[in-house]
1. To the nearest 0.05, what FRET efficiency results for His471 and Arg325 with a Förster distance of 30 Å applied to their C-beta separation?
2. What part of the accessible area of the chain, given as a whole %, is carbon or sulfur when the probe is 1.4 angstrom?
3. Kirkwood Rh over Cα pairs of the chain into Stokes-Einstein at 25 °C, 0.890 mPa s: D in µm²/s?
4. Around Pro384, what is the net charge, scoring Lys/Arg as +1 and Asp/Glu as -1 over all other residues with Cβ under 14 Å from its Cβ?
5. Among 329-335, 25-31, what's the highest-first ranking by average C-beta atoms within 10 angstrom per residue?
6. Starting from the eigenvalues of the Cα gyration tensor, five times each then square-rooted, give me the equivalent ellipsoid semi-axes of the stretch 465-507, largest first, whole Å.
7. In square angstrom, what is the accessible area per residue of the stretch 174-282 with a 1.4 angstrom probe?
8. I need to check one value: relative contact order of the stretch 362-509, counting alpha carbon pairs closer than 8 Å and at least 6 residues apart, in percent.
Amino acid sequence: MTRVFVPRDAAALALGADAVAASLAGHAAVTRTGSRGLLWLEPMIEVETPQGRIAYGPVSARDVPELLSAGLLDGAPHRLRLGKPEDHPFLSRQTRFTFARCGITDPLSPEDYQGHNGLKGLRRALELGPARIVEEVTKSGLRGRGGAGFPTGIKWKTTADAAGEQKYIVCNADEGDSGTYADRMLMEGDPFALIEGMTIAAIAVGATKGFVYTRSEYPHAIATFNAALAIARREGVLGGNVLGSGHAFDIEQRVGAGAYVCGEETSLLDSLEGKRGQVRAKPPLPAHRGLFSRPTVVNNVITLASVPFVLAEGAEAYQGIGYGRSRGTMPIQLAGNVRYAGLFEAGFGLTLDEIVNDIGGGTRSGRPVRAVQVGGPLGAYFPPSLFDTLFDYEAFAAKDGLIGHGGVVVFDDTVDLATQARFAMEFCSVESCGKCTPCRIGSVRGMEVIDRIMAGDRVDMHLELLTDLCHTMKFGSLCALGGFIPYPVMSALTHFPEDFRALQKVAAE
Ligand SMILES: Cc1cc2nc3c(=O)[nH]c(=O)nc-3n(C[C@H](O)[C@H](O)[C@H](O)COP(=O)(O)O)c2cc1C
Ligand code: SF4
(Lines give C-alpha, C1' and ligand atoms only; values in the text may rest on other atoms or scores of the structure.)
(Ligands and ions follow the chains in the order given, each with its own letter.)
Protein backbone atom coordinates (compact mmCIF):
# COMPACT_ATOMS: atom_id res chain seq x y z
CA MET A 1 0.00 0.00 0.00
CA THR A 2 1.20 3.53 -0.71
CA ARG A 3 2.35 5.40 2.39
CA VAL A 4 0.66 8.66 3.32
CA PHE A 5 1.94 10.84 6.16
CA VAL A 6 -0.65 12.71 8.23
CA PRO A 7 0.45 14.98 11.08
CA ARG A 8 -0.66 14.31 14.66
CA ASP A 9 0.53 17.68 15.94
CA ALA A 10 -2.06 19.55 18.02
CA ALA A 11 -2.42 22.30 15.37
CA ALA A 12 -3.23 19.71 12.69
CA LEU A 13 -5.55 17.81 15.05
CA ALA A 14 -7.44 21.03 15.77
CA LEU A 15 -8.01 21.36 12.03
CA GLY A 16 -9.30 17.81 11.53
CA ALA A 17 -6.18 15.66 10.93
CA ASP A 18 -7.68 12.63 12.73
CA ALA A 19 -10.69 12.65 10.40
CA VAL A 20 -8.36 12.91 7.39
CA ALA A 21 -6.32 9.94 8.65
CA ALA A 22 -9.52 7.94 9.23
CA SER A 23 -10.82 8.60 5.71
CA LEU A 24 -7.49 7.49 4.23
CA ALA A 25 -7.47 4.19 6.17
CA GLY A 26 -8.02 1.23 3.85
CA HIS A 27 -6.74 3.23 0.86
CA ALA A 28 -3.22 3.92 2.08
CA ALA A 29 -0.78 2.97 4.83
CA VAL A 30 -1.07 5.98 7.12
CA THR A 31 1.91 7.11 9.20
CA ARG A 32 1.35 9.86 11.75
CA THR A 33 4.09 12.47 11.99
CA GLY A 34 4.72 15.79 13.69
CA SER A 35 4.10 19.04 11.83
CA ARG A 36 6.46 20.63 9.31
CA GLY A 37 5.34 23.95 10.78
CA LEU A 38 3.42 25.43 7.82
CA LEU A 39 0.43 25.94 10.06
CA TRP A 40 -1.79 27.74 7.56
CA LEU A 41 -1.61 24.62 5.36
CA GLU A 42 -2.58 22.14 8.09
CA PRO A 43 -3.60 19.42 7.85
CA MET A 44 -0.79 19.07 5.30
CA ILE A 45 -0.48 15.47 4.20
CA GLU A 46 2.35 13.88 2.20
CA VAL A 47 2.32 10.92 -0.19
CA GLU A 48 5.37 8.75 -0.72
CA THR A 49 6.06 8.48 -4.47
CA PRO A 50 9.09 7.26 -6.48
CA GLN A 51 9.97 10.97 -6.96
CA GLY A 52 9.90 11.63 -3.22
CA ARG A 53 7.17 12.94 -0.96
CA ILE A 54 4.44 15.11 -2.49
CA ALA A 55 2.45 17.39 -0.19
CA TYR A 56 -1.21 18.41 -0.30
CA GLY A 57 -2.92 20.91 1.95
CA PRO A 58 -4.91 22.12 3.68
CA VAL A 59 -6.82 18.83 3.39
CA SER A 60 -10.14 18.13 5.07
CA ALA A 61 -11.80 14.70 5.36
CA ARG A 62 -14.35 15.93 2.79
CA ASP A 63 -11.56 16.40 0.22
CA VAL A 64 -10.24 12.84 0.55
CA PRO A 65 -12.58 10.96 -1.89
CA GLU A 66 -11.96 13.60 -4.58
CA LEU A 67 -8.22 13.55 -3.93
CA LEU A 68 -8.14 9.75 -4.17
CA SER A 69 -9.98 9.74 -7.49
CA ALA A 70 -7.69 12.49 -8.81
CA GLY A 71 -4.72 10.17 -8.17
CA LEU A 72 -3.48 11.36 -4.77
CA LEU A 73 -1.58 8.10 -4.24
CA ASP A 74 0.49 8.77 -7.39
CA GLY A 75 1.12 12.39 -6.43
CA ALA A 76 -1.19 13.56 -9.24
CA PRO A 77 -2.16 17.20 -9.87
CA HIS A 78 -4.98 18.68 -7.78
CA ARG A 79 -5.85 22.16 -6.56
CA LEU A 80 -4.50 21.21 -3.11
CA ARG A 81 -1.21 19.81 -4.44
CA LEU A 82 1.77 21.72 -3.06
CA GLY A 83 4.60 19.73 -4.67
CA LYS A 84 7.66 18.51 -2.83
CA PRO A 85 7.59 19.94 0.69
CA GLU A 86 11.33 20.67 0.66
CA ASP A 87 10.83 22.87 -2.43
CA HIS A 88 8.12 24.98 -0.76
CA PRO A 89 9.56 28.49 -0.26
CA PHE A 90 8.61 28.49 3.45
CA LEU A 91 10.72 25.34 3.97
CA SER A 92 13.45 25.68 1.34
CA ARG A 93 14.70 28.92 2.95
CA GLN A 94 15.02 27.41 6.41
CA THR A 95 18.05 25.90 8.11
CA ARG A 96 16.66 23.01 10.06
CA PHE A 97 19.07 21.84 12.73
CA THR A 98 16.77 21.38 15.73
CA PHE A 99 13.60 20.66 13.76
CA ALA A 100 15.31 18.51 11.10
CA ARG A 101 13.09 15.47 11.76
CA CYS A 102 9.90 17.29 12.75
CA GLY A 103 7.10 16.49 10.29
CA ILE A 104 9.18 13.83 8.57
CA THR A 105 9.50 10.96 11.04
CA ASP A 106 7.04 9.06 13.18
CA PRO A 107 7.71 10.74 16.56
CA LEU A 108 7.41 7.48 18.47
CA SER A 109 9.47 5.26 16.16
CA PRO A 110 12.99 4.62 17.49
CA GLU A 111 13.90 3.14 14.10
CA ASP A 112 12.85 6.34 12.33
CA TYR A 113 14.77 8.36 14.89
CA GLN A 114 18.00 6.44 14.43
CA GLY A 115 17.47 6.35 10.65
CA HIS A 116 17.54 10.17 10.70
CA ASN A 117 20.72 10.75 12.76
CA GLY A 118 19.08 10.13 16.13
CA LEU A 119 21.41 9.09 18.99
CA LYS A 120 24.50 10.08 16.99
CA GLY A 121 25.06 13.02 19.36
CA LEU A 122 24.63 10.92 22.51
CA ARG A 123 27.02 8.25 21.20
CA ARG A 124 29.66 10.90 20.51
CA ALA A 125 29.02 12.48 23.92
CA LEU A 126 29.68 9.15 25.61
CA GLU A 127 33.01 8.91 23.76
CA LEU A 128 33.99 12.48 24.67
CA GLY A 129 33.15 12.35 28.38
CA PRO A 130 31.82 15.15 30.63
CA ALA A 131 34.53 17.83 30.32
CA ARG A 132 34.72 17.66 26.52
CA ILE A 133 30.93 17.70 26.14
CA VAL A 134 30.85 20.96 28.11
CA GLU A 135 33.70 22.28 25.97
CA GLU A 136 31.85 21.37 22.75
CA VAL A 137 28.60 23.02 23.89
CA THR A 138 30.55 26.13 24.99
CA LYS A 139 32.34 26.31 21.62
CA SER A 140 29.06 25.98 19.72
CA GLY A 141 27.96 29.34 21.17
CA LEU A 142 24.55 27.86 22.09
CA ARG A 143 22.55 30.25 24.29
CA GLY A 144 19.38 29.49 26.21
CA ARG A 145 16.27 29.61 24.02
CA GLY A 146 13.88 30.12 26.95
CA GLY A 147 14.29 33.87 26.83
CA ALA A 148 17.38 35.16 28.59
CA GLY A 149 19.92 33.86 26.05
CA PHE A 150 22.39 32.79 28.74
CA PRO A 151 25.34 30.72 27.40
CA THR A 152 24.49 27.05 27.92
CA GLY A 153 28.10 25.87 28.20
CA ILE A 154 28.75 28.20 31.16
CA LYS A 155 25.59 27.02 32.94
CA TRP A 156 26.59 23.38 32.47
CA LYS A 157 30.15 24.02 33.65
CA THR A 158 28.90 25.75 36.81
CA THR A 159 26.67 22.76 37.60
CA ALA A 160 29.40 20.25 36.72
CA ASP A 161 31.84 22.05 39.05
CA ALA A 162 29.32 22.36 41.91
CA ALA A 163 29.84 19.95 44.79
CA GLY A 164 27.01 17.47 45.35
CA GLU A 165 26.23 13.79 45.12
CA GLN A 166 22.83 14.35 43.54
CA LYS A 167 22.36 16.72 40.58
CA TYR A 168 19.35 17.29 38.38
CA ILE A 169 18.50 18.28 34.81
CA VAL A 170 15.27 20.25 34.66
CA CYS A 171 13.68 21.00 31.32
CA ASN A 172 11.47 24.06 31.16
CA ALA A 173 8.50 23.18 28.95
CA ASP A 174 6.16 25.76 30.47
CA GLU A 175 6.13 27.75 27.19
CA GLY A 176 3.98 30.58 28.51
CA ASP A 177 4.93 33.27 25.97
CA SER A 178 2.09 34.44 23.75
CA GLY A 179 2.41 33.28 20.14
CA THR A 180 4.98 30.58 20.88
CA TYR A 181 4.67 26.87 20.19
CA ALA A 182 8.17 25.60 19.34
CA ASP A 183 8.46 23.53 22.56
CA ARG A 184 5.08 21.95 21.94
CA MET A 185 5.87 21.15 18.29
CA LEU A 186 9.18 19.57 19.25
CA MET A 187 7.71 17.46 22.06
CA GLU A 188 4.89 16.27 19.80
CA GLY A 189 6.98 15.90 16.66
CA ASP A 190 10.40 14.73 17.85
CA PRO A 191 10.34 13.90 21.58
CA PHE A 192 13.42 11.66 21.39
CA ALA A 193 15.52 14.73 20.52
CA LEU A 194 14.65 16.26 23.91
CA ILE A 195 15.36 12.97 25.69
CA GLU A 196 18.72 12.72 23.89
CA GLY A 197 19.61 16.34 24.73
CA MET A 198 18.72 15.90 28.41
CA THR A 199 20.75 12.69 28.58
CA ILE A 200 23.79 14.44 27.11
CA ALA A 201 23.35 17.24 29.68
CA ALA A 202 23.12 14.64 32.46
CA ILE A 203 26.36 12.98 31.43
CA ALA A 204 28.05 16.38 31.12
CA VAL A 205 27.21 17.52 34.66
CA GLY A 206 26.90 14.17 36.47
CA ALA A 207 23.11 14.14 36.98
CA THR A 208 21.13 10.94 37.33
CA LYS A 209 17.63 12.33 37.32
CA GLY A 210 15.77 14.71 35.04
CA PHE A 211 12.38 16.41 35.19
CA VAL A 212 10.40 17.98 32.40
CA TYR A 213 7.92 20.63 33.59
CA THR A 214 5.21 20.85 30.94
CA ARG A 215 2.29 23.24 30.91
CA SER A 216 -1.10 21.64 31.47
CA GLU A 217 -2.49 23.23 28.29
CA TYR A 218 -0.40 20.79 26.23
CA PRO A 219 -2.23 17.44 26.58
CA HIS A 220 -0.88 16.06 23.29
CA ALA A 221 2.71 17.00 24.09
CA ILE A 222 2.33 15.46 27.57
CA ALA A 223 0.97 12.18 26.17
CA THR A 224 3.52 11.94 23.35
CA PHE A 225 6.42 12.72 25.65
CA ASN A 226 5.32 10.15 28.25
CA ALA A 227 5.02 7.53 25.51
CA ALA A 228 8.51 8.48 24.25
CA LEU A 229 9.93 8.12 27.78
CA ALA A 230 8.57 4.56 28.04
CA ILE A 231 10.10 3.68 24.65
CA ALA A 232 13.45 5.25 25.57
CA ARG A 233 13.54 3.14 28.75
CA ARG A 234 12.69 0.00 26.77
CA GLU A 235 15.43 0.81 24.25
CA GLY A 236 18.05 1.29 26.98
CA VAL A 237 18.54 5.00 26.25
CA LEU A 238 17.21 5.84 29.72
CA GLY A 239 17.61 3.77 32.88
CA GLY A 240 20.43 2.30 34.91
CA ASN A 241 22.85 1.87 32.02
CA VAL A 242 22.46 4.51 29.26
CA LEU A 243 23.33 2.78 25.96
CA GLY A 244 25.50 0.34 27.89
CA SER A 245 27.79 3.13 29.14
CA GLY A 246 27.38 2.52 32.86
CA HIS A 247 25.76 5.99 33.29
CA ALA A 248 22.36 6.03 34.98
CA PHE A 249 19.76 8.58 33.95
CA ASP A 250 15.98 8.71 33.97
CA ILE A 251 13.40 11.41 33.29
CA GLU A 252 10.02 12.15 34.83
CA GLN A 253 7.45 14.53 33.38
CA ARG A 254 5.50 16.83 35.72
CA VAL A 255 2.57 18.99 34.67
CA GLY A 256 2.25 22.62 35.76
CA ALA A 257 -1.03 24.19 36.81
CA GLY A 258 -0.97 27.11 34.40
CA ALA A 259 0.81 30.08 36.00
CA TYR A 260 2.97 32.18 33.65
CA VAL A 261 5.43 32.86 36.47
CA CYS A 262 6.08 29.13 36.86
CA GLY A 263 8.10 29.42 33.64
CA GLU A 264 10.58 31.53 35.61
CA GLU A 265 13.19 29.00 36.60
CA THR A 266 13.16 29.42 40.38
CA SER A 267 9.34 29.45 40.63
CA LEU A 268 9.36 26.39 38.43
CA LEU A 269 11.65 24.65 40.91
CA ASP A 270 9.33 25.59 43.80
CA SER A 271 6.38 24.26 41.84
CA LEU A 272 8.27 21.02 41.04
CA GLU A 273 8.91 20.63 44.77
CA GLY A 274 5.16 20.77 45.33
CA LYS A 275 5.03 24.34 46.62
CA ARG A 276 3.19 27.38 45.28
CA GLY A 277 5.32 28.72 42.43
CA GLN A 278 7.07 31.78 43.83
CA VAL A 279 10.28 33.38 42.62
CA ARG A 280 13.39 32.75 44.73
CA ALA A 281 15.99 35.47 45.17
CA LYS A 282 19.28 34.76 43.38
CA PRO A 283 21.97 33.94 44.45
CA PRO A 284 22.12 31.07 45.08
CA LEU A 285 21.90 30.12 41.41
CA PRO A 286 20.01 26.92 40.56
CA ALA A 287 23.37 25.60 39.27
CA HIS A 288 24.54 25.69 42.91
CA ARG A 289 21.29 25.17 44.84
CA GLY A 290 18.40 24.24 42.61
CA LEU A 291 15.80 21.49 42.84
CA PHE A 292 15.58 20.18 46.43
CA SER A 293 18.63 22.42 47.09
CA ARG A 294 20.81 20.31 44.78
CA PRO A 295 22.91 21.59 41.82
CA THR A 296 20.51 21.81 38.89
CA VAL A 297 20.65 22.68 35.20
CA VAL A 298 17.46 24.42 34.09
CA ASN A 299 17.18 24.68 30.33
CA ASN A 300 14.44 25.30 27.84
CA VAL A 301 13.15 22.49 25.53
CA ILE A 302 14.72 24.03 22.43
CA THR A 303 18.09 24.59 24.13
CA LEU A 304 18.25 20.93 25.13
CA ALA A 305 16.87 19.63 21.83
CA SER A 306 19.57 21.62 19.97
CA VAL A 307 22.36 19.79 21.81
CA PRO A 308 22.21 16.47 19.89
CA PHE A 309 22.98 18.36 16.65
CA VAL A 310 25.91 20.17 18.29
CA LEU A 311 27.42 16.88 19.45
CA ALA A 312 26.60 14.93 16.28
CA GLU A 313 27.82 17.49 13.76
CA GLY A 314 30.39 19.30 15.88
CA ALA A 315 30.46 22.73 17.52
CA GLU A 316 31.76 24.41 14.33
CA ALA A 317 28.75 23.28 12.28
CA TYR A 318 26.44 24.98 14.78
CA GLN A 319 28.62 27.98 15.49
CA GLY A 320 29.19 28.54 11.76
CA ILE A 321 25.83 30.17 11.22
CA GLY A 322 24.17 33.03 13.02
CA TYR A 323 24.94 36.67 13.65
CA GLY A 324 27.25 38.37 16.16
CA ARG A 325 27.06 36.60 19.51
CA SER A 326 23.80 34.85 18.54
CA ARG A 327 25.03 31.58 17.08
CA GLY A 328 23.18 28.74 15.43
CA THR A 329 19.50 28.71 14.57
CA MET A 330 16.32 30.01 16.18
CA PRO A 331 12.85 28.59 15.56
CA ILE A 332 10.97 31.81 14.83
CA GLN A 333 7.26 31.39 15.53
CA LEU A 334 4.97 33.59 13.48
CA ALA A 335 1.56 34.20 15.02
CA GLY A 336 -1.25 36.71 15.38
CA ASN A 337 -2.59 38.54 12.35
CA VAL A 338 -0.16 37.05 9.82
CA ARG A 339 -0.77 35.42 6.48
CA TYR A 340 1.73 32.55 6.73
CA ALA A 341 1.68 31.57 10.39
CA GLY A 342 4.19 28.90 11.26
CA LEU A 343 7.56 27.86 12.58
CA PHE A 344 10.56 29.08 10.60
CA GLU A 345 13.95 27.82 11.80
CA ALA A 346 16.79 29.97 10.53
CA GLY A 347 20.18 31.30 11.53
CA PHE A 348 20.05 34.54 13.54
CA GLY A 349 20.41 37.76 11.58
CA LEU A 350 17.24 38.03 9.45
CA THR A 351 15.65 41.46 9.55
CA LEU A 352 12.25 41.90 11.13
CA ASP A 353 11.01 43.07 7.72
CA GLU A 354 12.07 39.78 6.09
CA ILE A 355 10.38 37.83 8.89
CA VAL A 356 7.08 39.71 8.93
CA ASN A 357 6.55 40.81 5.35
CA ASP A 358 8.54 38.38 3.27
CA ILE A 359 8.34 35.08 5.18
CA GLY A 360 5.09 35.88 6.99
CA GLY A 361 3.49 37.55 3.95
CA GLY A 362 2.16 40.53 5.95
CA THR A 363 -1.18 40.45 7.72
CA ARG A 364 -3.88 37.85 7.27
CA SER A 365 -6.50 40.61 7.20
CA GLY A 366 -4.73 42.25 4.23
CA ARG A 367 -4.52 45.56 6.13
CA PRO A 368 -1.16 47.28 6.74
CA VAL A 369 1.07 45.95 9.51
CA ARG A 370 1.14 48.48 12.35
CA ALA A 371 3.09 46.68 15.07
CA VAL A 372 4.73 43.42 16.02
CA GLN A 373 5.36 42.19 19.53
CA VAL A 374 8.48 40.07 19.64
CA GLY A 375 9.44 37.88 22.61
CA GLY A 376 6.12 37.20 24.33
CA PRO A 377 4.17 39.35 26.79
CA LEU A 378 7.35 40.97 28.16
CA GLY A 379 8.58 41.93 24.67
CA ALA A 380 8.47 45.36 23.05
CA TYR A 381 6.07 46.50 20.31
CA PHE A 382 8.04 47.45 17.21
CA PRO A 383 6.65 49.74 14.49
CA PRO A 384 7.53 49.19 10.80
CA SER A 385 10.13 51.99 11.08
CA LEU A 386 12.22 49.57 13.19
CA PHE A 387 11.81 46.62 10.84
CA ASP A 388 15.47 46.86 9.82
CA THR A 389 16.34 45.43 13.26
CA LEU A 390 18.20 42.13 12.98
CA PHE A 391 16.87 39.07 14.76
CA ASP A 392 19.68 38.84 17.29
CA TYR A 393 19.75 39.09 21.10
CA GLU A 394 21.99 42.18 21.17
CA ALA A 395 20.33 44.03 18.26
CA PHE A 396 16.93 43.75 19.96
CA ALA A 397 18.32 44.75 23.35
CA ALA A 398 19.89 47.84 21.74
CA LYS A 399 16.37 48.92 20.70
CA ASP A 400 14.82 48.23 24.11
CA GLY A 401 13.35 44.94 22.99
CA LEU A 402 14.01 41.25 23.36
CA ILE A 403 13.66 38.16 21.19
CA GLY A 404 12.75 35.92 24.13
CA HIS A 405 11.60 32.49 22.98
CA GLY A 406 11.26 33.64 19.35
CA GLY A 407 7.56 34.51 19.18
CA VAL A 408 6.55 37.19 16.65
CA VAL A 409 2.94 38.38 17.02
CA VAL A 410 1.71 40.59 14.18
CA PHE A 411 -0.97 43.32 14.47
CA ASP A 412 -2.63 45.31 11.69
CA ASP A 413 -3.62 48.99 11.75
CA THR A 414 -6.75 48.36 13.82
CA VAL A 415 -4.67 47.72 16.95
CA ASP A 416 -4.77 50.28 19.76
CA LEU A 417 -1.43 50.36 21.53
CA ALA A 418 -2.78 52.07 24.66
CA THR A 419 -5.11 49.09 25.11
CA GLN A 420 -2.14 46.76 24.57
CA ALA A 421 -0.12 48.66 27.18
CA ARG A 422 -2.98 48.34 29.64
CA PHE A 423 -3.17 44.64 28.84
CA ALA A 424 0.52 44.28 29.68
CA MET A 425 -0.06 45.78 33.14
CA GLU A 426 -3.18 43.66 33.64
CA PHE A 427 -1.30 40.52 32.60
CA CYS A 428 1.42 41.37 35.11
CA SER A 429 -1.09 41.93 37.90
CA VAL A 430 -2.82 38.61 37.21
CA GLU A 431 0.39 36.59 36.81
CA SER A 432 2.53 38.29 39.49
CA CYS A 433 3.77 35.85 42.15
CA GLY A 434 3.32 38.63 44.69
CA LYS A 435 6.77 38.45 46.22
CA CYS A 436 7.92 42.01 45.48
CA THR A 437 6.11 45.35 45.69
CA PRO A 438 7.03 47.02 42.37
CA CYS A 439 5.38 44.18 40.45
CA ARG A 440 2.52 43.23 42.81
CA ILE A 441 1.34 46.79 43.47
CA GLY A 442 2.93 48.57 40.51
CA SER A 443 1.04 46.54 37.92
CA VAL A 444 -2.31 47.45 39.50
CA ARG A 445 -1.33 51.14 39.69
CA GLY A 446 -0.17 50.82 36.07
CA MET A 447 -3.61 49.69 34.94
CA GLU A 448 -5.28 52.50 36.84
CA VAL A 449 -3.02 55.20 35.42
CA ILE A 450 -3.46 53.93 31.84
CA ASP A 451 -7.24 53.93 32.40
CA ARG A 452 -6.99 57.63 33.32
CA ILE A 453 -4.86 58.38 30.27
CA MET A 454 -7.31 56.55 28.04
CA ALA A 455 -10.15 58.58 29.59
CA GLY A 456 -8.29 61.80 28.69
CA ASP A 457 -7.78 62.73 32.37
CA ARG A 458 -4.70 65.02 32.86
CA VAL A 459 -2.84 63.07 30.19
CA ASP A 460 0.58 64.77 30.46
CA MET A 461 0.75 64.34 34.20
CA HIS A 462 -0.37 60.70 34.04
CA LEU A 463 2.06 59.90 31.21
CA GLU A 464 4.86 61.21 33.40
CA LEU A 465 3.58 59.08 36.28
CA LEU A 466 3.41 56.00 34.03
CA THR A 467 7.00 56.56 32.88
CA ASP A 468 8.15 56.92 36.47
CA LEU A 469 6.26 53.78 37.50
CA CYS A 470 7.84 51.81 34.64
CA HIS A 471 11.25 52.98 35.80
CA THR A 472 10.53 51.74 39.35
CA MET A 473 9.26 48.38 38.08
CA LYS A 474 12.22 47.94 35.73
CA PHE A 475 14.87 48.58 38.36
CA GLY A 476 13.07 47.46 41.52
CA SER A 477 11.49 44.11 40.60
CA LEU A 478 12.95 40.83 41.73
CA CYS A 479 12.46 38.98 38.44
CA ALA A 480 11.87 39.71 34.78
CA LEU A 481 8.07 39.58 35.02
CA GLY A 482 7.81 42.91 36.83
CA GLY A 483 11.19 44.00 35.47
CA PHE A 484 10.36 43.60 31.76
CA ILE A 485 6.68 44.61 31.68
CA PRO A 486 7.92 48.18 31.10
CA TYR A 487 9.15 47.04 27.64
CA PRO A 488 5.72 46.55 26.05
CA VAL A 489 4.33 49.57 27.94
CA MET A 490 7.15 52.00 27.15
CA SER A 491 7.57 50.81 23.54
CA ALA A 492 3.84 51.41 22.99
CA LEU A 493 4.21 54.88 24.48
CA THR A 494 7.42 55.71 22.60
CA HIS A 495 6.49 54.42 19.16
CA PHE A 496 2.71 54.98 19.19
CA PRO A 497 2.20 58.12 21.35
CA GLU A 498 -0.89 59.14 19.39
CA ASP A 499 -2.83 56.17 20.83
CA PHE A 500 -2.37 57.56 24.33
CA ARG A 501 -3.63 60.99 23.35
CA ALA A 502 -6.75 59.99 21.42
CA LEU A 503 -9.23 61.33 23.99
CA GLN A 504 -7.09 64.35 24.81
CA LYS A 505 -7.38 65.31 21.12
CA VAL A 506 -11.14 64.80 21.11
CA ALA A 507 -11.41 67.00 24.23
CA ALA A 508 -9.38 69.77 22.54
CA GLU A 509 -11.51 69.73 19.36
C1 LIG B 1 8.11 35.44 34.10
C2 LIG B 1 9.02 34.53 33.37
C3 LIG B 1 8.50 33.48 32.63
C4 LIG B 1 9.35 32.60 31.96
N5 LIG B 1 8.79 31.59 31.22
C6 LIG B 1 9.61 30.70 30.60
C7 LIG B 1 9.04 29.61 29.87
O8 LIG B 1 7.83 29.46 29.76
N9 LIG B 1 9.90 28.75 29.28
C10 LIG B 1 11.27 28.88 29.38
O11 LIG B 1 12.01 28.06 28.86
N12 LIG B 1 11.82 29.91 30.05
C13 LIG B 1 11.03 30.81 30.68
N14 LIG B 1 11.59 31.83 31.39
C15 LIG B 1 13.07 31.90 31.49
C16 LIG B 1 13.57 31.00 32.62
O17 LIG B 1 13.55 31.71 33.83
C18 LIG B 1 15.02 30.54 32.38
O19 LIG B 1 15.80 31.62 31.98
C20 LIG B 1 15.13 29.44 31.32
O21 LIG B 1 14.30 28.35 31.62
C22 LIG B 1 16.57 28.94 31.27
O23 LIG B 1 16.73 28.05 30.22
P24 LIG B 1 17.60 28.43 28.95
O25 LIG B 1 18.92 28.92 29.44
O26 LIG B 1 17.73 27.16 28.18
O27 LIG B 1 16.84 29.49 28.21
C28 LIG B 1 10.76 32.76 32.05
C29 LIG B 1 11.29 33.82 32.78
C30 LIG B 1 10.43 34.70 33.43
C31 LIG B 1 11.02 35.82 34.22
S1 SF4 C 1 8.67 40.72 39.73
FE2 SF4 C 1 6.58 39.94 40.10
S3 SF4 C 1 6.69 37.79 39.54
FE4 SF4 C 1 8.81 38.51 39.82
S5 SF4 C 1 9.28 38.13 41.99
FE6 SF4 C 1 8.45 40.18 41.93
S7 SF4 C 1 6.23 39.87 42.33
FE8 SF4 C 1 7.07 37.88 41.76
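1. Efficiency for this residue pair is about 0.60.
2. Here it works out to 53 percent.
3. 103
4. My count for the surroundings of Pro384 gives -3.
5. 329-335, 25-31
6. For the stretch 465-507, the semi-axes come out at 25, 10, 6 Å.
7. With all protein chains present, the stretch 174-282 gives 31 Å² per residue.
8. Result for the stretch 362-509 is 27 percent.
The values are calculated or read from the model by the stated rules, or taken from the named source; none is laboratory data. Since the model is a prediction, treat every value here as computed from it, not as a measurement. Every residue, glycine among them, receives a Cβ derived from its backbone with ideal geometry; neighbour counts consider all protein chains shown. Calculation scope for accessible area: heavy atoms of the full protein, side chains included, ligands and nucleic acids excluded. Shrake-Rupley method; radii C 1.70, N 1.55, O 1.52, S 1.80 Å.
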